[in-house]
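Asker: First the structure, then my questions, so here it is.
The values are calculated or read from the model by the stated rules, or taken from the named source; none is laboratory data. All of these numbers come straight from a predicted model, not from anything done at the bench. Methodologically, a virtual Cβ is constructed for each residue, glycine included, from the backbone with ideal geometry; neighbour enumeration extends over all protein chains shown. Protein only, heavy atoms only, side chains kept; ligands, DNA and RNA dropped before computing areas. Shrake-Rupley method; radii C 1.70, N 1.55, O 1.52, S 1.80 Å.
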Amino acid sequence: MRVLGIDPGLTRCGVGVVDGAPGRPPVLAAAGVIRPPAEDDLPERLLAVERGMEEWLDAHAPDAVAVERVFAQHNLSTVMGTAQASAVAMVCAARRGLPVALHTPSEVKAAVTGSGRADKAQIGAMVARILRLSGPPRPADAADAVALCLCHIWRGGAQDRLARARTAARTRAPGPAPSRVPAPAPRKGTAP
């Protein structure tokens, strides 16, 4: 399975691509960031995120997309920007019919480091160790996106199967279910 991980943001949107499956060593395919110009207005920054997502989707053809779930922070503007970038990523994936999974930061930290309270340095170090890299992907947003990929590969298989089943159920043509109950036999002395 090839997973595109997204650490959403309007300044730096981390992206990573990992190939892997449970029980097999994962392999890093790519890691980087999408950098919308900070001086641009919000609509143009969102458009830059969308264009960057489309480029990564075209270049790497993932089987699934894992996005960091937005969580409450003290800075409302940061939460809003993260949520907006996250929505753009999900729309890009949905447009292609790709399953999308949301993973919380603590879920990703626990999957990669064993602790839901790990800091960015610990996440980067474990990503490098798991993928047998000489150092963590840079910047830290790229390492976070790769960690999302690893979390999804290890924990998201069941979520992917459910998403594919829902998609398949929606695409089936609706029709009446065949009746398997035999019609009652006519009673004696009555017309059929």
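Asker: Using the Karplus curve 6.51 cos²θ - 1.76 cosθ + 1.60 with θ = phi - 60°, what ³J(HN,Hα) values do you get for each residue of segment 98-114, in whole Hz, with x for Gly and Pro?
Answerer: Karplus values, whole Hz, x for Gly and Pro: 7, x, 10, 10, 10, 10, 6, x, 5, 5, 5, 4, 5, 5, 8, 10, x.
Asker: Round to a whole number: what % of the accessible area of segment 1-126 belongs to carbon and sulfur, probe 1.4 Å? If you can, show how the numbers build up before the last one.
Answerer: Working: 3350 of 6170 Å².
Here it works out to 54 percent.
Asker: Sticking with this structure for a sec: Can you give the local net charge around Ala145? Use residues other than it whose beta-carbon is closer than 11 angstrom to its beta-carbon, Lys and Arg +1, Asp and Glu -1.
Answerer: Working: positive: Arg12; negative: Asp7, Glu68, Asp141, Asp144.
It works out to a net charge of -3.
Asker: Right, here's the next one. Spelling out what I want: for every residue of segment 26-35, take phi, set θ = phi - 60°, compute 6.51 cos²θ - 1.76 cosθ + 1.60 (Karplus), and round to whole Hz; glycine and proline get x.
Answerer: Values, residue by residue: x, 10, 6, 9, 6, 8, x, 9, 9, 10 Hz.
Asker: How do 13-21, 88-96 rank on mean C-beta neighbours within 10 Å, highest first?
Answerer: Most protected by this proxy first, the peptides run 13-21, 88-96.
Asker: Summarise the long-distance tail of P(r) for segment 1-132 by giving the % of C-alpha pairs beyond 27 Å.
Answerer: Numbers: 1515 of 8646 pairs.
The proportion of pairs with Cα distances above 27 Å equals 18 percent.
Asker: Another question about this same structure. At 20 °C and 1.002 mPa s, grab the translational diffusion coefficient of segment 1-72 from Stokes-Einstein with a Kirkwood Rh over Cα pairs, rounded to a whole number in µm² per second. Please list the in-between numbers first.
Answerer: Working: Rh = 13.0 Å.
Calculated translational D: 165 µm²/s.
Asker: Within 10 Å of each candidate Cβ there may be at most 14 other Cβ atoms; applying that plus a DSSP loop requirement, which GluC sites (Glu not before Pro) in segment 33-104 survive? All intermediate terms of the calculation are to be shown ahead of the outcome.
Answerer: Details: sites: Glu39, Glu44, Glu50, Glu54, Glu55, Glu68; in loops: Glu39.
Hits after loop and neighbour filter: Glu39.
Asker: With only Lys, Arg, Asp and Glu charged, each at its Cβ (+1 for the first two, -1 for the last two), find how big the charge dipole of segment 76-148 is about the Cα centre; round to the nearest 20 debye. Mind dumping the intermediate values first?
Answerer: Numbers: 8 positive and 4 negative charges, 37 e Å.
It works out to roughly 180 debye.
Asker: While we're on this one: What is the extension gain from Ala87 to Trp154, computed as 0.36 nm multiplied by their sequence separation minus the C-alpha to C-alpha distance, in nm to one decimal? List each step's numbers first, then the result.
Answerer: Values: separation 67, 0.36 × 67 = 24.12 nm, distance 2.37 nm.
Between Ala87 and Trp154, full extension yields an extra 21.8 nm.
Asker: Give the accessible surface of segment 3-42 per residue, rounded to a whole number of Å², with probe radius 1.4 Å and ligands, DNA and RNA excluded.
Answerer: On the way: 1710 Å² over 40 residues.
Accessible area per residue, segment 3-42: 43 Å².
Asker: Here is a follow-up. Could you order Lys120, Lys109 so the one with the most accessible surface comes first? Probe is 1.4 Å. Write down the numbers at each step before the final one.
Answerer: Values: Lys120 110, Lys109 55 Å².
Final ranking, largest accessible area leading: Lys120, Lys109.
Asker: Still on this structure, please answer the following. Accessible area per residue of segment 61-103 at 1.4 Å probe, in Å²?
Answerer: Working: 2160 Å² over 43 residues.
Spelled out: the 1.4 Å probe surface of segment 61-103, per residue, equals 50 Å².
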